[in-house]
1. Residues in the range 64-115 that are in contact with a helix residue (DSSP H, G or I) (Cβ under 7 Å, 6 or more places away or on another chain) and either among the charged types (D, E, K, R) or without any contact (Cβ under 8 Å) to a residue 60 or more places away in the chain (or both): how many?
2. Output yes when any residue across the range 51-59 is out of contact with any strand residue (DSSP E or B) (no Cβ under 8 Å at 6 or more places or on another chain), polar (S, T, N, Q) and farther than 30 Å from M85 by Cβ, and no when none is.
3. Picking from A45, A24, A36, which residue would you name as being hydrophobic (A, V, I, L, M, F, W, C) and more than 25 Å from the chain's Cα centre (by Cα)?
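None of the figures in this text is laboratory data; all of them are computed from the coordinates on show. Not measured: the values here are computed from a predicted model. Every residue, glycine among them, receives a Cβ derived from its backbone with ideal geometry; neighbour counts consider all protein chains shown.
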Amino acid sequence: MLRLALRMLLRDWRAGELRVLALALVLAVGGVASVAFFADRVRQALTREAHQVLGADMLMTADHAWAPEFRDEIVRRGLQRAESMNFVSMVRAGNETLLAAVKAVTPGYPLRGKL
């Protein structure tokens, strides 16, 4: 049985059908590995540079004001903080109105990098 399977494999290899299949398999595995490698490198670069992108070492978001106890704890630990508020509004110039994204920040923003 094994001998028959090996003979059929050898015959198909000589006919060229298995070569095409093997080449397609190598290309598919190489493509998947390349994309995975590239995605990992991008993730590593973003992780290394996250503080520059965020403007800080950590970003905390909320849809309401922070509790005074939380702010007191930040001050007690001697941490730097900057707050920002984002909202959408309408702006008017002459007779034209446009939708605009507005961002208000406290002094010292950003904690890292420059605006």
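1. 2
2. Checked against the condition, which is being out of contact with any strand residue (DSSP E or B) (no Cβ under 8 Å at 6 or more places or on another chain), polar (S, T, N, Q) and farther than 30 Å from M85 by Cβ, the range 51-59 yields no hits at all.
3. Of the residues listed, the single one that is hydrophobic (A, V, I, L, M, F, W, C) and more than 25 Å from the chain's Cα centre (by Cα) is A24.
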